[in-house]
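Input: a single structure, listed below in structure tokens.
The values are calculated or read from the model by the stated rules, or taken from the named source; none is laboratory data. Note that the structure is predicted; figures quoted are calculated from it, not measured. Cβ coordinates were reconstructed from backbone atoms using ideal geometry, including for glycine residues, and neighbour counts include every protein chain displayed. Accessible surface areas use protein heavy atoms only, side chains included; no ligands, DNA or RNA. Shrake-Rupley method; radii C 1.70, N 1.55, O 1.52, S 1.80 Å.
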Amino acid sequence: MKTEWFIEEINKPYHWQRVNEILNIKEYLSGKHKILNKPSYQYNGRTYEPRKIVLQYAKVILDYGIGYVISNPITLTGDKKVTDEYKRVYKRGKYNSVDYDVMDKMSKYGFVAEYVYLDSDKQIKSKVIDPADCYPVFDVRGDYVSLIESWTVDNVTYYNIYFPERVEQWTDEDGDLRKIGEFNNLGGLPILYRNQSEIDVLGGSDLLDILPILDNMEDLISKATDAYYHHTTGIAVMKGQQLKGDGLPKDLVSGGIVIDHDADFFFAQNKFDHQAFEALYKTLTSALLDIGHVPAVSMSKTDISNLSEVSIRLLFNLADMKGAQNAKFLREGIEQRFDKIRRLLEYKNVTFTDDEYDTLGIVFHFARPSNDKEIVDNITALRAANLISVESAIERSPYVTDVQGELDKIAGDGKVIRRQFDKQT
């Protein structure tokens with residue numbers, strides 16, 4: 001079988017290591033944790049299986065970070081002609097769901113690729129490529145030149161090779177590697193969304209930051225449970241003479257013994273230091289929330305009431321910092337998506353001038369709790385003093401997600417009021 005360049009690329013140690021790490025993360029999130037490999041042990045002459053308590057905090061923390069940024073759909077801003085067309089593309093392409101998938105995989109695996117294309121009905125769509133099947137290719141200068149998508153079904157491997165101008169399809173079915181298709185690539189190379197990493201050009205998983213803490217939490221609570229059941233039950237001890245009976249009964253529940261006046265009976269047992277356990281567990285939990293950028297109030301670790309907007313912002317400061325970082329990485333990819341959508345719209349005879357297109361922007365709405373009444377009162381006061389425009393006021397309203405649509409409705413309401421006034425006069 002002839003060996004093509006993309007087979008050699010896939011088999012590079014870097015890609016093998018990266019894909020194995022992604023598969024390990026998938027297994028961890030599915031419930032296969034390190035604690036489950038804990039071996040059996042001997043106690044009192046018998047073999048026991050240790051407690052293996054699995055804590056799925058990782059899914060909760062990752063889902064929190066993802067939802068904090070993208071659970072509220074992003075808002076498109078800019079020239080009405082441009083935003084109307086892009087909102088139409090977003091609705092037909094279900095891009096709110098695409099954005100969630102992109103954020104989900106980028107947070108869990110460090111990066112994800114999105115391929116923008118025209119489907120058979122000439123609708124603009126996006127395909128989110130599984131990072132485990134994705135092999136970006138960079139040249140010696142570090143420039144992104146192509147992407148290999150590879151997956152296996154029933155021992156047959158399929159390949160999609162993305163170049164800037166074309167897409168090639170290959171397979172090794174029947175034992176022979178051969179090309180089975182080639183198509184024009186109107187949208188260009190897939191977009192790479194990458195989060196922060198100090199050593200990997202493709203970003204690093206957020207899970208790896210909290211994984212050591214989670215392993216220690218699972219180990220601590222599992223060991224503490226074993227210790228409680230095995231080392232605090234106690235051993236029956238009798239001092240002195242028993243007056244009646246044939247030794248200590250095997251089952252003392254609902255039974256009793258009679259002993260001499262100077263004899264003594266008790267259970268000798270270890271003391272379970274619950275205070276030390278609580279201190280260790282609380283310390284690990286606090287570190288987990290801090291490193292995961294999750295406010296303690298969101299995980300029911302503290303009580304609050306009657307907070308002002310400033311107090312809420314302080315409580316969610318860590319979440320805002322992480323959200324701003326994730327929004328930055330998403331924005332870099334989404335702006336590339338906008339360029340590709342513009343190119344594909346030109347094939348449908350929809351064009352914009354550079355000045356019109358340059359007005360296009362996005363606004364993220366973090367899922368931070370807010371004191372809506374206080375925000376609305378502040379906006380109303382600024383608007384009454386002519387210190388803020390109607391558009392800026394609507395952008396900051398907690399009740400509006402579609403700014404341009406709301407402006408159009410306000411303009412429509414104004415026309416209706418004017419027509420009613422003209423009829424009356």
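Is it true that residue 57 is touching a Gly at 6+ places or on another chain (Cβ under 9 Å) and open to solvent by 10 Å² or more (accessible area, probe 1.4 Å)?
Against the criterion (touching a Gly at 6+ places or on another chain (Cβ under 9 Å) and open to solvent by 10 Å² or more (accessible area, probe 1.4 Å)), residue 57 qualifies.
Only one of these is of a type in the set (Phe, Trp, Tyr) and either at pLDDT 90 or above or on the phi > 0 side of the Ramachandran plot (or both): 68, 41. Name it.
68
Could you identify the single residue in 363, 403, 350 that is modelled with pLDDT under 85, open to solvent by less than 80 Å² (accessible area, probe 1.4 Å), of a type in the set (A, V, I, L, M, F, W, C) and out of contact with any Lys or Arg (no Cβ under 7 Å at 6 or more places or on another chain)?
On inspection, the qualifying residue turns out to be 403.
Quick test of your reading of the structure: residue 222 fulfils all but one of (1) buried (at least 18 other Cβ atoms within 10 Å of the Cβ); (2) modelled with pLDDT of 90 or more; (3) in contact with a Lys or Arg (Cβ under 8 Å, 6 or more places away or on another chain); (4) not β-branched (Val, Ile, Thr). Name the failing condition by number.
Exception for residue 222: condition (2).
Just wondering, is there one or more residues in the stretch 320-331 that are of a type in the set (Phe, Trp, Tyr), farther than 21 Å from residue 396 by Cα and assigned to a helix (DSSP H, G or I)?
Within the stretch 320-331, one or more residues are of a type in the set (Phe, Trp, Tyr), farther than 21 Å from residue 396 by Cα and assigned to a helix (DSSP H, G or I).
Hey, does the stretch 63-72 have a residue that's out of contact with any Gly (no Cβ under 9 Å at 6 or more places or on another chain), surrounded by 12 or more Cβ atoms within 10 Å (Cβ to Cβ) and over 30 Å from residue 317 (Cβ atoms)?
no
Need pairs with beta-carbon distance below 9 Å; first residue at pLDDT below 90 and within the stretch 151-176, second assigned to a loop (DSSP other than H, G, I, E, B) and not aliphatic (A, V, I, L, M); sequence gap 6+ or separate chains.
Here the result reads 176/2, each pair linking the stretch 151-176 to a residue that is assigned to a loop (DSSP other than H, G, I, E, B) and not aliphatic (A, V, I, L, M).
I need the full set of residues from the stretch 102-124 which are closer than 20 Å to residue 339 by Cβ, of a type in the set (D, E, K, R) and touching a strand residue (DSSP E or B) at 6+ places or on another chain (Cβ under 6 Å), in order please.
Listed by number, the residues that qualify are 114, 119.
Taking the criterion of being more than 24 Å from residue 18 (Cα to Cα), touching a residue at least 24 places away in the same chain (Cβ under 8 Å), open to solvent by less than 20 Å² (accessible area, probe 1.4 Å) and hydrophobic (A, V, I, L, M, F, W, C), would at least one residue in the stretch 117-137 satisfy it?
Yes, because at least one residue in the stretch 117-137 is more than 24 Å from residue 18 (Cα to Cα), touching a residue at least 24 places away in the same chain (Cβ under 8 Å), open to solvent by less than 20 Å² (accessible area, probe 1.4 Å) and hydrophobic (A, V, I, L, M, F, W, C).
Only one of (1) modelled with pLDDT of 80 or more; (2) buried (at least 16 other Cβ atoms within 10 Å of the Cβ) is not met by residue 371, so which one is it?
Only one criterion is unmet by residue 371, namely (1).
Restricting to the stretch 154-200, name every residue that is β-branched (Val, Ile, Thr), under 20 Å from residue 8 (Cα atoms) and loosely packed, with under 15 Cβ neighbours inside 10 Å.
Start the filter on the stretch 154-200 by keeping residues that are β-branched (Val, Ile, Thr), which leaves 156-157, 161, 167, 171, 180, 191, 199.
From what is left, the residues that are under 20 Å from residue 8 (Cα atoms) are 156-157, 161, 167, 171, 180.
Selection gives 156, 180.
Could you list all residues from the stretch 201-213 that are hydrophobic (A, V, I, L, M, F, W, C), farther than 26 Å from residue 98 by Cα and either open to solvent by 30 Å² or more (accessible area, probe 1.4 Å) or in a strand (DSSP E or B) (or both)?
211
Taking residue 195, is it in contact with a Leu (Cβ under 8 Å, 6 or more places away or on another chain), closer than 30 Å to residue 57 by Cβ and modelled with pLDDT under 95?
When the stated conditions are applied, residue 195 does not pass them.
Mind counting the residues in the stretch 75-89 that are open to solvent by less than 20 Å² (accessible area, probe 1.4 Å) and of a type outside the set (S, T, N, Q)? So that I can check it myself, show each step before the final result.
From the stretch 75-89, those open to solvent by less than 20 Å² (accessible area, probe 1.4 Å) are 75-76, 82-83, 86, 89; that's our starting set.
Narrowing further to those that are of a type outside the set (S, T, N, Q): 76, 82, 86, 89.
The qualifying residues number 4.
Test residue 139 against the criterion of being within 28 Å of the chain's Cα centre (by Cα), modelled with pLDDT under 95, of a type in the set (Asp, Glu) and within 21 Å of residue 111 (Cβ to Cβ), and give yes or no.
Considered against the rule, which asks whether it is within 28 Å of the chain's Cα centre (by Cα), modelled with pLDDT under 95, of a type in the set (Asp, Glu) and within 21 Å of residue 111 (Cβ to Cβ), residue 139 comes out as no.
Could we say that residue 410 is open to solvent by 40 Å² or more (accessible area, probe 1.4 Å), at pLDDT 80 or above and in a helix (DSSP H, G or I) here?
Here the answer is yes, as residue 410 does meet what is asked.
Could you list, in sequence order, the residues of the stretch 25-52 that are under 16 Å from residue 210 (Cβ atoms) and open to solvent by 60 Å² or more (accessible area, probe 1.4 Å)? If you could, list the steps in order and put the result at the bottom.
Quick first cut of the stretch 25-52, residues under 16 Å from residue 210 (Cβ atoms) only: 25, 28-29, 33-35.
If the condition is that a residue be under 16 Å from residue 210 (Cβ atoms) and open to solvent by 60 Å² or more (accessible area, probe 1.4 Å), then 34 is the only one that fits.
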